[in-house]
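Derivation of every value follows stated rules applied to the coordinates shown; laboratory data play no part. On a predicted model such as this, the values are computed, not experimentally measured, just so you know. Counting neighbours? That spans all protein chains shown, and the Cβs are built from the backbone with ideal geometry, glycine included.
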Amino acid sequence: MSDLWDGLRSRWESIRHAVDAGTPGNGGVRQGVAITEATGPGLATNPITITGIPGAGKTVFYEALAQTLRSGAPDSTRSQKIEKHMIQLAANRWRNRAAVTVIPGQDSTEREKALDDTMRNGASPHGLVYFTCWGHNRIWYRSDQREVLERLGEGGRVVDEDAVRGWHLNKELLDFRTLVDDIIEGRVAERLRWLIVAVSKVDIYWDRLAEARDYYLPGEQGRHSQFGELLRDLAVETSLRLAVLPMGSRVIRHQFLPGLPARTSQLDDAQLGVLRAHFSNGLHEFVHSGEQGRT
Ligand SMILES: Nc1nc2c(ncn2[C@@H]2O[C@H](COP(=O)(O)OP(=O)(O)OP(=O)(O)O)[C@@H](O)[C@H]2O)c(=O)[nH]1
Ligand SMILES: [Mg+2]
């Protein structure tokens, strides 16, 4: 078991080195994996679901992955509905399509319906990308921002960026716990073969990347966060292929809450390109192996 986490950690570290160097490097990245939006008719094979709590970066991630994000394009807004896409993955002579579904983060009937349609009642993706951002979630509406500010400040407590991050991480943990329990107990995604935890928006906290890594990736015996514990449960109780990959999709400043200092991106577009290349590589690996695996 510790081999698994050691392998995932060394992959994470090689990606970090490659980003610092500003080139894809040889950190296991296979040159020439290209992901683009598929056009024309084709079979909807390899269903992939992207899920995670609101404002984690799912919608923008898809645009970065499929390379449809234009520089200077307006920022995203809160997703109200399920977003369905078809991508083409290509590496050397291997080509395939994947149907990608992005579930909106916000609790709503639309979200429940999206989960029913993609993950419950016999429906199941082959792959799941669980989207996280180490507590740098965007709170979309001012009324919600005010509410969080008030709740965190109760009793005269100081509201700083770590307090806000903690708030989001708690919500994320509850969401991921429900998902993990449901997967293990066979209530959702019965035909799932792999799960990638995407640790996104790393451009905002590149200077604290090791802390984020230790939060999301189980360490040696007894050294893991509650999130890491859930991943261990998945590794023990299921035969899913697992990965934890850093990602950055777009250089955008992050404001935790009004009144707190904004954080600007510490990476440039070329470095985000390196992250995308590694993520695309990981996705290709899993889709490819899933195709050869169980049916
Ligand atoms: N700096 C930075 N900002 C990002 C990144 N990815 C997303 N964002 C910003 O984070 C905010 C939320 O991103 P979305 O992709 O819309 O979030 P979402 O997960 O789709 O949110 P819901 O639609 O509420 O489920 C937007 O302002 C994005 O521009 C990233 O990698 N780096
Ligand atoms: Mg969205």
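Taking the Cβ of each residue in THR39, THR118, THR59, THR49 as the centre, tally the other Cβ atoms inside 10 Å and list the residues starting with the fewest.
In increasing order of surrounding Cβ atoms, one gets THR39, THR59, THR118, THR49.
Would you check the chain for Lys pairs whose C-alpha atoms are within less than 14 Å, ignoring same-chain pairs closer than 8 in sequence, and give me the count?
Lysine pair count for the chain: 5.
Quote the relative contact order of the chain in percent (integer), defining contacts as alpha-carbon pairs under 8 Å separated by 6+ residues.
Reported as a whole number, the value is 23 percent.
Of ALA91, HIS168, PHE286, which is farthest towards the positive pole of the chain's charge dipole, taken about the Cα centre with +1 and -1 on the beta-carbons of Lys, Arg and Asp, Glu respectively?
ALA91
If the only charges are +1 at each Lys and Arg Cβ and -1 at each Asp and Glu Cβ, what is the size of the charge dipole of the chain around the Cα centre, to the nearest 20 debye?
760
What list of ³J(HN,Hα) values in whole Hz, one per residue of segment 63-80 in order, does the Karplus curve 6.51 cos²θ - 1.76 cosθ + 1.60 (θ = phi - 60°) give from phi, with Gly and Pro shown as x?
Whole-Hz 3J(HN,Hα) from phi for segment 63-80: 5, 5, 4, 7, 6, 9, 7, 9, 5, x, 5, x, 5, 6, 10, 4, 6, 9.
Contour minus end-to-end for ASP162 and SER71, with contour as 0.36 nm per residue of separation and end-to-end as the Cα-Cα distance?
Answer, rounded to one decimal: 29.7 nm.
List the residues, sorted by chain then number, that are 5 or more residues from GLY52 or on another chain and whose placed amide H is less than 5 Å from its amide H.
Amide H neighbours of GLY52: PHE131.
Are there trypsin sites (Lys or Arg not before Pro) in segment 248-284 that DSSP marks as loop and that have at most 15 other Cβ atoms within 10 Å, and which are they?
Passing both the DSSP loop test and the Cβ count: ARG253.
Residue by residue, what Karplus-based ³J(HN,Hα) values in Hz, rounded to whole numbers, does segment 142-152 have, using 6.51, -1.76 and 1.60 with θ = phi - 60° and x for Gly and Pro?
Rounded to whole hertz, the list is 4, 4, 5, 4, 4, 5, 5, 4, 5, 4, 5.
Looking at the chain, send over the antiparallel percent of its DSSP beta bridges, to the nearest 5.
45
So how tilted is helix 109-119 from the main axis of the chain? Cα-based, degrees 0 to 90, rounded to 10.
The angle comes out near 30 degrees.
Toward the positive end of the charge dipole of segment 1-129, about the Cα centre and with charges on Cβ (Lys, Arg +1; Asp, Glu -1), which of ILE103, VAL129, LEU65 goes farthest?
Ranked along the dipole, the leading option is LEU65.
What is the local net charge at ASP181, summed over the other residues whose Cβ is closer than 13 Å to its Cβ (Lys, Arg +1; Asp, Glu -1)?
Once all neighbours under 13 Å are counted, the net charge is -4.
Taking the chain as the reference, fit the longest principal axis to its C-alpha atoms, fit the long axis of helix 161-184 to the helix C-alpha atoms, and give the angle between the two in degrees, 0 to 90, nearest 10.
Roughly 40 degrees between the two axes.
Whole-Hz Karplus ³J(HN,Hα) for segment 207-213, in order, using 6.51 cos²θ - 1.76 cosθ + 1.60 and θ = phi - 60°, x for Gly and Pro?
Taking θ as phi minus 60°, the curve returns 6, 10, 4, 5, 5, 5, 4 Hz for segment 207-213.
Please state the equivalent ellipsoid semi-axes for the chain: what are the square roots of 5 times the Cα gyration tensor eigenvalues, largest first, in whole Å?
Equivalent ellipsoid of the chain: 28, 22, 21 Å, largest first.
Using a Gaussian network model of the chain whose springs link C-alpha atoms within less than 10 Å, name the residue from HIS85, HIS136, HIS168 with the highest mean-square fluctuation.
Residue with maximal mean-square fluctuation among HIS85, HIS136, HIS168: HIS85.
Of the residues ILE252, ILE139, ILE15, which exhibits the maximal mean-square fluctuation in a Gaussian network model of the chain defined by a 10 Å Cα contact cut-off?
In this elastic network of the chain, the residue with the biggest mean-square fluctuation among ILE252, ILE139, ILE15 is ILE252.
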